[in-house]
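Accompanying notes for the structure given below.
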Amino acid sequence: MPDEERQKRPNAMRQTYEIVSIQRAEPPPGVESSNWYRYVIAFEGTDTVQGCRQGSLKAVTSAVEEIIVQLNERHSKKRGR
């Protein structure tokens with residue numbers, strides 16, 4: 001969708017980054033600790049951000065939600081340029 005059309009859409013209708021999944025994962029190579037999760041964030045189904053984070057599911061989910069807030073804030077600022 002062209003940027004002009006996106007700007008005309010109400011804020012509630014604009015696409016945002018969203019959590020696709022958070023799943024238990026093996027620790028990265030060389031790390032002996034446990035309790036790792038792999039997350040996937042997507043924007044409009046085409047752009048994805050993947051990462052790993054250590055902690056409880058609740059802590060990882062909270063951290064990923066904060067990442068999404070920051071990505072959406074950055075994205076909305078780019079649209080206003």
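Every number here is computed from the coordinates shown, using simple stated rules; none is lab data. Keep in mind that what you see is a predicted model, and the values were worked out from it rather than measured. All Cβ positions, glycine included, derive from the backbone under ideal geometry; neighbour counts span all protein chains shown.
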Next item on the list: Taking H placed 1.01 Å from N in the peptide plane, check which residues at least 5 places from ASN35 or on another chain put their amide H under 5 Å from its amide H.
Entry: none
Check: Ranked highest first by the average count of other Cβ atoms within 10 Å around their residues, in what order do 66-76, 28-38 fall?
Finding: 66-76, 28-38
